[in-house]
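Accompanying notes for the structure given below.
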Amino acid sequence: MKQARPLTITDAQLVTPEGVIAGALRCVDGLIAALGPDVAAEDGDERLSAKGKLIAPGLVDLGVFAVDKPAFHFGGITRAALMPDQSPPLDLPSRVGFIAKSGKPDLWVHPLAAATRGLEGQELAELALMRDAGAKAVATGRRWIADSGVMLRLLQYAAMLDLVVVTHAEDGGLVGEASATAGEIATRLGLPAAPAEAEALAIARDTALAELAGARLHIRQVTTARGFDLVREAKARGLPVTCGITPAHFMLSDLATADFRTFMRLSPPLRCEADRQAALVAIGDGTVDVIASGHDPRGPEDKRLPFADAAPGMAGAETLLAMTLGLVRDGVIDTPRAFDLLARNPARLLGVAAGELATGLEADIALIDPDAPWIIDRRKMEATADNTPFDRQGTQGRVLGLWKGGVRLAL
């Protein structure tokens with residue numbers, strides 16, 4: 001898919017890392033050629049007025065579990081980093097190479113290589129060959145690697161290859177088959193629960209090993225106050241440690257599980273209200289680097305079960321942008337910071353030339369009305385499954401247009 005002729009979008013509020021500026025943006029041959037208040041259309045350009053709405057980078061969703069184009073496009077996502085937890089796992093170069101081509105031409109899918117064979121946490125996979133086949137990072141999958149020796153070798157190998165390691169931060173020995181966070185709510189509901197400290201223990205070990213190996217570490221989801229403190233401490237020591245979160249964990253607490261609705265069955269499980277408030281502070285003070293959807297569509301065969309037996313996961317791609325813009329309206333962050341979290345930072349972690357409005361980068365852009373109201377309705381979702389924890393919730397922020405390499409996509 002190649003841009004046929006230059007595109008100029010005028011009358012826009014351009015979301016740049018330095019701030020939101022009024023002006024125009026021009027795309028040529030799939031790249032951003034110019035942007036700013038003095039940019040004007042040239043002869044032969046396709047012209048479009050943004051009518052004062054936002055022009056922002058297409059979202060880069062770091063850590064999805066399924067490729068779901070309609071849902072991604074609805075949510076303004078132009079690039080998705082796919083977790084290795086597939087069937088079969090992404091632990092061979094041939095599988096990684098196939099996935100790397102699977103979304104073209106209207107979506108970039110960036111596979112994350114399985115850290116170990118079969119994601120079993122024992123024998124390292126062929127990371128170098130998978131990197132050459134298109135892997136943009138290496139991930140431990142849904143589980144934590146319990147063997148510290150294996151984890152250290154993984155981090156050392158990844159450091160040699162300059163690949164970031166994306167890890168799941170829950171000590172599996174403590175978590176077991178738990179479906180909730182230990183505390184008053186889990187006790188009242190009679191749910192198998194694990195202490196929130198399982199996250200802190202995992203983060204403490206992984207950051208210590210990353211420091212020893214000189215490796216880049218991205219903790220895919222941090223959800224507890226102690227976990228955020230550990231990430232802050234690592235960053236203060238100058239370690240290349242980053243972390244992410246999903247909207248469910250800054251929007252909801254374990255109180256949302258009180259009616260046993262399995263759409264609230266997530267991994268990590270929802271935390272207490274104090275941890276949710278700590279998440280908002282961490283987003284606001286820069287501790288959190290990425291907000292991702294954790295997109296994991298699950299059908300009724302996985303969700304229409306007793307809470308403890310249901311599979312964890314949420315269909316999050318369609319609500320990612322709106323939930324994050326809610327943080328802007330609440331004064332937690334500003335608009336440029338929102339798109340750092342949604343696009344610029346994940347693009348940098350993956351090493352792709354996208355994620356921000358800057359000359360020379362890919363023209364992956366979204367036209368957004370941040371104030372457009374809508375009601376999340378699972379019955380009308382574009383995703384392959386409707387397991388959203390935000391069903392029937394009112395929100396604001398809609399994508400009006402989406403371009404991939406300067407070519408407009410159908411929404």
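Could you go through the range 149-160 and let me know if any residue there is surrounded by fewer than 20 Cβ atoms within 10 Å (Cβ to Cβ) and within 24 Å of the chain's Cα centre (by Cα).
Checking the range 149-160: at least one residue is surrounded by fewer than 20 Cβ atoms within 10 Å (Cβ to Cβ) and within 24 Å of the chain's Cα centre (by Cα).
For residues that are of a type in the set (Val, Ile, Thr) and open to solvent by 10 Å² or more (accessible area, probe 1.4 Å), scanning just the range 258-315, find the one that is nearest to Glu382 (Cα to Cα).
Thr262
Can you find a residue that is at pLDDT 95 or above, under 21 Å from the mean Cα position of the chain (by Cα) and either open to solvent by 40 Å² or more (accessible area, probe 1.4 Å) or over 17 Å from Arg205 (Cα atoms) (or both) anywhere in the range 172-193?
Among the residues of the range 172-193, not one is at pLDDT 95 or above, under 21 Å from the mean Cα position of the chain (by Cα) and either open to solvent by 40 Å² or more (accessible area, probe 1.4 Å) or over 17 Å from Arg205 (Cα atoms) (or both), which makes the answer no.
Taking Leu270, is it in contact with an Asp or Glu (Cβ under 9 Å, 6 or more places away or on another chain), in contact (Cβ under 8 Å) with a residue 24 or more places away in the chain and within 23 Å of Ala338 (Cα to Cα)?
yes
Could you count how many residues in the range 342-388 are within 21 Å of Asp68 (Cα to Cα), aliphatic (A, V, I, L, M) and in a helix (DSSP H, G or I)?
Summing the residues that are within 21 Å of Asp68 (Cα to Cα), aliphatic (A, V, I, L, M) and in a helix (DSSP H, G or I) in the range 342-388 gives 4.
Go through the range 74-132 and count every residue that is open to solvent by 20 Å² or more (accessible area, probe 1.4 Å), more than 21 Å from Leu155 (Cβ to Cβ) and assigned to a loop (DSSP other than H, G, I, E, B).
The number of residues fulfilling the criteria is 7.
Could you tell me which of the residues Ala343, Ala363 is at pLDDT 95 or above, farther than 17 Å from His249 by Cα, among the small types (Gly, Ala, Ser) and in contact with a Cys (Cβ under 9 Å, 6 or more places away or on another chain)?
Only one candidate qualifies: Ala363.
Among Ala410, Ala358, which is the only one that is open to solvent by 20 Å² or more (accessible area, probe 1.4 Å), closer than 30 Å to Ala33 by Cβ and touching a His at 6+ places or on another chain (Cβ under 9 Å)?
Ala410
I'd like to verify a number: residues in the range 23-69 that are without any contact (Cβ under 8 Å) to a residue 24 or more places away in the chain and either of a type in the set (Phe, Trp, Tyr) or open to solvent by less than 60 Å² (accessible area, probe 1.4 Å) (or both), how many?
Number satisfying all stated conditions: 4.
For a quick check of your reading of the model, give me the residue pairs whose first member lies in the range 303-318 and is at pLDDT 95 or above, whose second is surrounded by fewer than 17 Cβ atoms within 10 Å (Cβ to Cβ) and aromatic (Phe, Trp, Tyr), with beta-carbon atoms closer than 8 Å and at least 6 apart or on different chains.
Pro306/Phe260; Phe307/Phe260
Suppose we filter the range 344-355 for residues that are touching a residue at least 24 places away in the same chain (Cβ under 8 Å) and either among the β-branched types (Val, Ile, Thr) or within 17 Å of Val164 (Cα to Cα) (or both); how many remain?
Within the range 344-355, residues that are touching a residue at least 24 places away in the same chain (Cβ under 8 Å) and either among the β-branched types (Val, Ile, Thr) or within 17 Å of Val164 (Cα to Cα) (or both) number 8.
If a residue has to be among the aliphatic types (A, V, I, L, M), in contact (Cβ under 8 Å) with a residue 60 or more places away in the chain and in a loop (DSSP other than H, G, I, E, B) to count, how many in the range 178-200 make the cut?
Matching residues across the range 178-200 total 3.
The values are calculated or read from the model by the stated rules, or taken from the named source; none is laboratory data. What you are looking at is a predicted structure, and each value in this text was computed from that prediction instead of being measured. Using ideal geometry, Cβ is built from the backbone for each residue, glycine included, and neighbour counts are taken over all protein chains shown. Just so you know, the surface numbers come from the protein's heavy atoms only, side chains and all, with ligands and any DNA or RNA stripped out. Shrake-Rupley method; radii C 1.70, N 1.55, O 1.52, S 1.80 Å.
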